[in-house]
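So the structure is just underneath, and the comments pick up after that.
The values are calculated or read from the model by the stated rules, or taken from the named source; none is laboratory data. This one's a predicted model, so the numbers in the text were calculated from it and none came from an experiment. Cβ placement follows ideal geometry from the backbone for every residue including glycine, while neighbour counts extend to all protein chains displayed.
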Amino acid sequence: MYWADELAAAASGPQIVNDSKSPSGTVHVGSLRGVVLHDAIYRALVGAGVEARFLYGVDDMDAMDSQALLTPDAVEKYMGAPLSRVPAPAGSSAASYARHFVGEIFFRTFEPLGIKPEFYWVSELYAAGKMDRYVQLALDRADRVRDVYRRVSHVERSASWLPLQVVCENCGKIGTTYATDWDGATVSYQCQPDLVAWARGCGHEGRVSPLGGRAKLPWNLEWAAKWGLFGVTIEGCGKDLATAGGSRDRSDAIAREVFEVEPPRNVAYEFLNVGGKKMSTSKGQGAAAHTIAEVLPPEQLRFLFLRPRPSQVIEFDPEGDTIPRLFDEFDRIAAATAGREVKGELPTDYERLFAYSLLAGRPVTEEAAAFRPAFAHLALLLQIPGTDIPERMAAEKGSPLSSRENEVLEERTASARAWLESYAPERARLVVRRDALPDEVADLEPAQRAYLAALASAAESGRPGSGEAWQALIFSVAGDVGLASGRAFGALYAAFLGRNNGPRAGWLLASLEPSFVLERLRAAGE
């Protein structure tokens, strides 16, 4: 069974699926992995007839602890303040830094992906008093919290330490305060200048009630408190939080021993890496989620995250051929789901993978059978002046495109343009030399010229029409004349592009007029 179906089959009773994000800056594409995985779990539950809800929260009471996206004058003032109270960047109409980066940018990627959770903001939970019960429990049972930190994570807290972060009444910071002396109604606190290295407290001392949004729980306790508040039954987390003795273990223990609730089932998932390195929202590292969503249509973006099991690392680099290969693999899975024969090994339950990659409600059988132009071929056609792409695609399909197929074509055309503008390697960019033979043809060896002439003859009789057919013919003729494939491709690139590399040659030739291709092959072969 597909992993999400396995989880749904094991569920008992109504389920609450939860996910959340701390909005410390531009949200990178890796942050979408958890969103898509939790959505797949929710869809699997609903599909299995299980009553379920999907919640998504913004941890906007967290302290601003990153300088990546703050101007120098804002660092001193806002580092350590709750993200819900840090102003949005200049030019934004959002009410806060958190509302800008998550509410106005990150959340915009959800609906196109077919993801529609119930959203909540943690700052609003505190302000409405919904977290008060858990704040009081944590303070009343602070000794249990300290014991969990010591026993589970080997972190020692002093006997005076309380699991609470007060919002300083003087400077408004929360990451610089140290709370002590809970008397059942109020706590004493100090806003210490040197409590943390990344923010400076103002030195104010005071005593306040910690309820109603005047304070927040440390993140591990806040996580467990949300489980209790919402009755969460399933919530995954990234590998970094799921290590032994790490955040998830601490929160699990706090849920059981402090708040007396059972923690949800964990679905730990690996990172999405770029160039072997984990992306970081707080450091401003990694491709932005909303930017990648402009390049990848929804079904390909979902497929990116759902093809590997959650426990597998995803290596993703938008530069180079990664994006075209992703489209090719999606199309291969679609073809297999439609019952067509495909090359290579297929993943387990590929039909369910394809179904979960689609937006909810789209008919799997029709989607699998739909005509989808090869991404690399489309990128080539976009660079050839005068090409009527819809007309060309209808000709390649052999019949008019359906309304859904036209929609797919529009999505892929926009994606190919964005890829060419931002991520395509130089070899994918081309200018076909039409006026005359490129000078580089003069440097071809006799065997390469003979190959081009033989390819012209074979193409004239075989009439390949698609990129796949051309690619097969290129290799076949090279084998017949005893020319290594690398030298065969080099001859083709020299003849058409005047260089020694380029996009996939079969798709290049398929994108050009057949008469021009034959004429050029013969001329270069003489």
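Filter region 355-367 for residues that are surrounded by 20 or more Cβ atoms within 10 Å (Cβ to Cβ) and closer than 18 Å to LEU409 by Cα and give the result.
Across region 355-367, the qualifying residues are SER357, GLU367.
Working only within region 2-47, note down all residues that are over 20 Å from GLU118 (Cβ atoms), at pLDDT 90 or above and not in a helix (DSSP H, G or I).
The answer is TYR2, SER12.
Could you give me the residue pairs with C-beta distances under 7 Å whose first residue belongs to region 159-173 and is at positive phi, whose second residue is assigned to a loop (DSSP other than H, G, I, E, B) wherever it lies, and which are 6+ apart or on separate chains?
GLY172/ALA81
Could you list, ordered by first residue, the pairs with Cβ atoms under 9 Å in which the first is in region 454-473 and in the same structural domain as SER511 (by TED's automatic domain parsing) and touching a residue at least 60 places away in the same chain (Cβ under 8 Å) and the second is among the polar types (S, T, N, Q) and surrounded by 15 or more Cβ atoms within 10 Å (Cβ to Cβ), at least 6 apart or interchain?
GLY467/SER511
Give the residues of region 414-423 that are free of Cβ contacts under 8 Å to residues at least 60 places away in the same chain and buried (at least 19 other Cβ atoms within 10 Å of the Cβ), sorted by residue number.
Result: ALA416, single match.
Which of the residues belonging to region 168-221 are of a type in the set (Phe, Trp, Tyr) and within 15 Å of TYR126 (Cβ to Cβ)?
Just the residues of region 168-221 that are of a type in the set (Phe, Trp, Tyr), to begin with: 178, 182, 189, 198, 219.
Of everything in region 168-221, just one residue is of a type in the set (Phe, Trp, Tyr) and within 15 Å of TYR126 (Cβ to Cβ), namely TRP219.
Of the conditions (1) assigned to a helix (DSSP H, G or I); (2) over 30 Å from ARG309 (Cβ atoms), GLU329 satisfies every one except a single condition; which number is it?
Result: GLU329 fails condition (2) only.
Determine whether GLY498 is of a type outside the set (S, T, N, Q) and crowded, with 20+ Cβ neighbours inside 10 Å.
In short, no.
Does GLU445 satisfy being more than 30 Å from THR291 (Cβ to Cβ) and at pLDDT below 90?
Numbers: more than 30 Å from THR291 (Cβ to Cβ): yes; at pLDDT below 90: no.
Criteria not met by GLU445.
For LEU211, indicate whether it is closer than 16 Å to MET131 by Cα and assigned to a loop (DSSP other than H, G, I, E, B).
yes
Filter region 175-194 down to residues that are free of Cβ contacts under 8 Å to residues at least 60 places away in the same chain and in a loop (DSSP other than H, G, I, E, B), then give me how many there are. Break it down stepwise before answering.
First, pick out the residues of region 175-194 that are free of Cβ contacts under 8 Å to residues at least 60 places away in the same chain: 177-194.
Narrowing further to those that are in a loop (DSSP other than H, G, I, E, B): 181-186, 192-194.
Total satisfying the criteria: 9.
Take region 103-124 and flag every residue that is among the hydrophobic types (A, V, I, L, M, F, W, C), within 29 Å of VAL166 (Cβ to Cβ) and modelled with pLDDT under 85.
PHE106
Just checking, which of ALA488, ALA456, ALA510 is buried (at least 21 other Cβ atoms within 10 Å of the Cβ), out of contact with any Asp or Glu (no Cβ under 8 Å at 6 or more places or on another chain), hydrophobic (A, V, I, L, M, F, W, C) and closer than 19 Å to LEU437 by Cβ?
Selected residue: ALA488, the only one of ALA488, ALA456, ALA510 that is buried (at least 21 other Cβ atoms within 10 Å of the Cβ), out of contact with any Asp or Glu (no Cβ under 8 Å at 6 or more places or on another chain), hydrophobic (A, V, I, L, M, F, W, C) and closer than 19 Å to LEU437 by Cβ.
For region 390-486, please list each of the helices (runs of 4 or more DSSP H) lying entirely inside it that holds at least 1 residues being in contact with a His (Cβ under 6 Å, 6 or more places away or on another chain), of a type outside the set (Asp, Glu) and within 24 Å of ALA334 (Cα to Cα).
It comes to 467-481.
Which one of ARG133, ARG108 is among the charged types (D, E, K, R) and closer than 18 Å to ILE254 by Cα? If you could, list the steps in order and put the result at the bottom.
On the way: ARG108 fails: closer than 18 Å to ILE254 by Cα.
The unique qualifying residue is ARG133.
Out of everything in region 195-252 that is more than 27 Å from ALA185 (Cα to Cα) and hydroxyl-bearing (Ser, Thr, Tyr), what residue ends up being surrounded by the fewest Cβ atoms within 10 Å (Cβ to Cβ)?
Only one residue tops the list, namely THR243.
Give me a count of the residues in region 360-409 that are modelled with pLDDT under 95, over 15 Å from GLY467 (Cα atoms), more than 31 Å from the chain's Cα centre (by Cα) and not small (Gly, Ala, Ser).
5
Mind counting the residues in region 127-174 that are outside any loop (DSSP other than H, G, I, E, B) and modelled with pLDDT of 95 or more?
Taking region 127-174 as the starting set, the residues that turn out to be outside any loop (DSSP other than H, G, I, E, B) are 127, 132-140, 142-153, 165-166.
Filter once more, so that each one left must be modelled with pLDDT of 95 or more: 127, 132-140, 142-152, 165-166.
Of the residues in that region, 23 qualify.
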